[in-house]
Amino acid sequence: MLNKTISAIKPSATLAISAKAKQMKRQGKDVVIFAAGEPDFDTPDNIKDAAVRAIEEGKTKYTPASGLPELKQAVCDKFKRDNDVDYIQENVIISNGGKHVLSNIARALLDPGDEVIVPQPIWLTYPVQVQIAGGRPIYLQLPDGFKLTADAVAEKVTEKTKYLILNTPCNPTGAVIDPSEIRKIAELALEKDFMIVADEVYEHFLYDGKKHLSAASISEEVREKILTVNAVSKSYSMTGWRIGYVAGPADIIKAMSNLQSQETSNPCSIAQHAAVEALTGPQDSIRKMVDAFRERRKIAIDGLNSISGIRCYNSEGAFYAWFNIQDVSKAKGSMDFAEKLLDQAGVAVIPGAPFGGEGWIRLSYASAKEDIEKGLERIRDWTES
Ligand code: GLU
């Protein structure tokens, strides 16, 4: 009865494991959750107040399907302020979170058989969305440094390449792609005529003096090859509000807007008004959150590296510790490790396998410091026992 493509889809492992861990907690089990990538901070008050005001002022009706003009303008101003890129409202669409934006892109760009270069390890949803849209993910397995290079991309480009996923800082590894490589990849996109989907949702979460380069800021010519994806979810701790956005060539944005107008209409009007405040109001909550994550990152990476059999990657961005468990004798592979750790030690992490990183585990350290310390002790006790 079911459509063949849809019936082959498995639920998102990040969301499924988070849901299972939360359910265990509700049943009274003592579980430490490092699963979905979700800052533990509350949404800042000025943003919540803007949502309350929107309700009180009756801003509760349809907005244009592609998003409120004032939110599109706030997005343009944000790109100028943070990323040094010039966009106008015709270059922008607002959708139901970054995930929806990415799905719209796949649907708007791909014809059956079109190829999308997907470097791995990477967030597990990208290739599934490509498949749903009829495209073919072409995997590019990165060696252990996890840094994408233009030479590696060049080897995968064919006449059917429609776009490349460029996610820096990267989920799940936290790797930050060198700006010099981003420039070379952009040159390659111009030369070989493919688009780059630059997912910059972790742009502010950078450590060890790393700086973010938006590919679209390289030149006006390059900007025409880039779809710059972002969301308020991580930067403003607004995961549940579901507001994501993308800027790119007006014709592609128009096609995505047409699709969205037939499929979902506008994202929630109240959340859009809150997002205007997030992007235009005080920005100091981002710095506070990144400062807290810097400290937690050190605790997580140092703690994991001190456990026998575990080797943690030195992630320079995002809020994930990415660690190798191939020398841990208690588990056979990442799925087995994550399942046993949850059932036997009460710690929820995400296995690397669905990200294309077998032998590795993702631990989100966007959790309270005490929870990180408690979770690390449990991982140590379980692994070394
Ligand atoms: N992007 C986040 C993560 O990787 C949210 C969960 C999801 O949608 O996959 O955990």
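Odds and ends about this structure:
- As a length-normalised measure over Cα pairs under 8 Å and 6 or more apart, the relative contact order of the chain settles at 23 percent.
- Each residue of the stretch 193-206 was assigned a 3J(HN,Hα) from its phi angle through the Karplus curve 6.51 cos²θ - 1.76 cosθ + 1.60 (θ = phi - 60°); the sequence is 6, 10, 8, 10, 9, 9, 8, 10, 5, 9, 3, 7, 8, 10 Hz, with glycine and proline shown as x.
- FRET efficiency, 1/(1 + (r/R0)^6) with R0 25 Å, evaluated for Ala250 and Leu190 via beta carbons: 0.85
- Anchor Lys332: lysines whose Cα lies under 18 Å away (excluding residues fewer than 8 positions away in-chain): Lys340
- A straight chain from Glu159 to Lys48 at 0.36 nm per residue would run longer than the Cα-Cα distance by 35.2 nm.
- Rounded percent of accessible protein surface that carbon and sulfur make up, the stretch 235-321, 1.4 Å probe: 53
- FRET E, pair Asp151, Asp111, Förster distance 30 Å, beta-carbon r, rounded to 0.05: 0.60
- FRET efficiency, 1/(1 + (r/R0)^6) with R0 22 Å, evaluated for Gln27 and Glu370 via beta carbons: 0.50
- Fully extended contour minus Cα-Cα distance, from Glu90 to Asp343, at 0.36 nm per residue: 86.1 nm
- Portion, in percent, of the accessible area of the stretch 73-139 that falls on carbon or sulfur, probe 1.4 Å: 47
- Accessible surface, the stretch 1-142, averaged per residue in Å² (probe 1.4 Å): 50
- Partner lysines whose Cα lies under 17 Å from the Cα of Lys59, excluding those fewer than 8 positions away in the same chain, are identified as Lys48, Lys72.
- Rounded to 10°, Cα long-axis angle of helix 179-192 versus longest principal axis of the chain: 50
- Heavy-atom accessible area order for Lys80, Lys10, Lys369, largest first, 1.4 Å probe: Lys10, Lys80, Lys369
- Distance between the 7 Å Cα→Cβ label points at Met335 and Arg183: 4.4 nm.
- When nucleic acids and ligands are ignored and a 1.4 Å probe is applied, Arg223 ends up with an accessible area of around 50 Å².
The values are calculated or read from the model by the stated rules, or taken from the named source; none is laboratory data. Computed from a predicted model, the values in this text were never measured in an experiment. We place every Cβ from the backbone using ideal geometry, glycine too, and count neighbours over all the protein chains shown. Accessible surface areas use protein heavy atoms only, side chains included; no ligands, DNA or RNA. Shrake-Rupley method; radii C 1.70, N 1.55, O 1.52, S 1.80 Å.
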